[in-house]
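Report on the following structure.
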Amino acid sequence: MSLSVAVAGASGYAGGELLRLLAGHPDFTVTTVTAFSNAGHSLASVQPHLRSLGHLTLAETTAQSLAGHDVVFLALPHGKSGELTEHLPADTLVVDCGADHRLRSAADWAAFYPGQYFEAWDYGVPELIVGGAKQREALVGSRRIAAPGCNASTVALALAPGIAAGVIEERDLVAVLAVGPSGAGKSLKLENLAGEILGSANPYAVGGTHRHIPEILQGLRGAGAQSPTISFTPVIVPMSRGILATSTARIVPGTSATAIRDAWESAYADEPFVHLLPAGSFPRTADVLGANTALIGLAIDEAAGRVVTATAVDNLVKGTAGAAIQSANIALGLLETAGLPVDGVAP
C-alpha cells in the first residue's frame, strides 16, 4: 500500500525533517511539497540533503495544492495552518506540526498567542497518559491530529507518570531546558545567529511567558493533575538540535523510592520510543540525535524531597516530525514504528 503525501512548509526545518523521515517510510509516497516565499524553487535548492526527493518542486501553499492527497502534513508558522485546514477534505488525514490546533482552551490561546483561536485536534503524543489510558487510543482512526510542541511534550512525558501514579505533587513543578536553536525555526533571528550563541547559553521567555506552558499544563491535567503549576525556563545552547529537560517535582509525603521508580517503569515499559534508563544513568542529547526516541533518567533528591528527571529528545524528530509520523501511523492502522528510527547518530 502506498499513500500519497503532501508536506506544506517543506522548506523549513520541521518540513525538511518530515521529508527526511517520509523518504524512508514503507507506506508513504511524497508527491507534493509546498512553501510560501520559496514556491517555484526546487526542493533540492533549499533542502540539499534530501537527495532522494530532489526531483520535487515547491508549489504554493494553498488548499488547492494540498487537496487530493491521502495525508497532509503541515509545518507552517503559527496562524497559517488554521487558515488552511477548514478547506481540506474531511476524509484526508491532516497532521499539523504548528500550534494552531493544540490547545483546548481559547483563553490559554489568547494569553500566549496572537491571532484567531482554532479548535483543538487529537493530540499527537501517543505515550502521554490521559485519563488512565494512553493518548494512543484517541489517535486510532483520527483524521485531524495536532503534533506537539517539542518542549511541551518533553516535559509532559517526563512528569506525567508521577502525576498519574500520585507519587509527585502537581504544584511547584520546575523544568529547565537546554535547547538547540532549530526549535525556533529557520527564519533569520539575530539572537540565534552563530556569532550570538556559540560559546554562550542564553535563557529566553523567562518568567512564565513561553508559549508551551499552557500545553504542558494541559498534558499534566490529562494525567490527573487538578491545578498544576510549573516554572518553565528554556535556555538556548550551541547545539543545532536537541532538548535536555531537567524537570523536578516534590515527592508526596510517605512515598517510597520503589513506588516512584515503579511509576515511570510501568508507564513506559512497553513503549517503543520512550525509554526509562537504568537507575544511575542519565541521557545525553547526542544519544537521540536523528532518532524518534525520548530517553529519561530518574533520580530522587532525598535532601530536597524531590524527584529529578533528565529527558533527552531530538526536537526535530521525537519533538516534532517523528511524533507527527508516529501519530499518523496509528491513525491509519499502520505499524506504529514504520519509518521511524530508534537509533541515534554518533559521534
With 0.36 nm assigned to each residue of separation and the Cα-Cα distance removed, Ser52 to Ser231 gains 60.1 nm
Using θ = phi - 60° and Karplus 6.51 cos²θ - 1.76 cosθ + 1.60, couplings along the range 99-116 (whole Hz; Gly, Pro as x):
8, 4, 10, 8, 8, 7, 9, 5, 5, 4, 4, 4, 6, 10, 10, x, x, 5
Between Ser2 and His275, what is the spin-label point distance in nm, taking each point 7 Å from the Cα along the Cα→C-beta axis?
3.3
So what's the projected area for the range 67-164, the Cα convex hull averaged over all directions, in nm²?
6.6
Estimated distance in nm for a label pair at Glu119 and Tyr204, the labels positioned 7 Å out from Cα along Cα-to-Cβ
3.3
Principal-axis tilt of helix 150-165 within the chain, Cα atoms, nearest 10 degrees
40
At what distance in angstrom do the alpha carbon centres of the range 216-273 and the range 3-21 lie from each other?
29
Per the rule of 0.36 nm per residue minus the C-alpha distance, extending Asp262 to Ala184 adds in nm 24.6 nm
For the chain, set up a Gaussian network in which alpha carbons nearer than 10 Å are linked by springs, and say which option among Asp91, Asp314, Asp70 fluctuates the most.
Asp91
Using all Cα-Cα distances in the range 293-346, what percent lands in each 10 angstrom bin from 0 up to the longest?
22, 37, 23, 15, 3
Grab every C-alpha pair in the range 198-328, bin the distances at 10 angstrom width from 0 up to the longest one, and report whole percents.
11, 36, 41, 12, 0
R0 = 25 Å: FRET efficiency of Thr337 with Thr31, Cβ-based, nearest 0.05?
0.60
Give me D for the range 10-91 in µm² s⁻¹, whole number, from Stokes-Einstein with Rh from the Kirkwood sum over alpha-carbon pairs, 20 °C and 1.002 mPa s.
164
The range 122-278, relative contact order in percent, only Cα pairs under 8 angstrom and at least six apart counted
33
Between (i) -0.36, -0.45, -1.13, -1.47; (ii) -0.60, -0.71, -1.16, -1.32; (iii) -0.51, -0.63, -1.11, -1.27, the structure-derived log10 I(q)/I(0) by the Debye sum over Cα atoms at q = 0.08, 0.09, 0.14, 0.16 Å⁻¹ is (i)
Equivalent-ellipsoid semi-axes of the range 254-347, from the Cα gyration tensor, Å, largest first:
28, 16, 10
Between Asp301 and His87, what FRET efficiency comes out of the Förster formula 1/(1 + (r/R0)^6) with R0 = 51 Å and r the beta carbon distance, rounded to 0.05?
0.50
Zero-based 10 Å bins, Cα pair distances in the range 149-260, whole percents
14, 43, 26, 13, 3, 0
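Laboratory data are not the source of any read-out in this text; all were calculated from the coordinates shown. Only a predicted model underlies this, so the values are computations on that prediction, with no experimental measurement involved. Glycine gets a Cβ as well: all are built from the backbone with ideal geometry, and neighbour counts include every protein chain shown.
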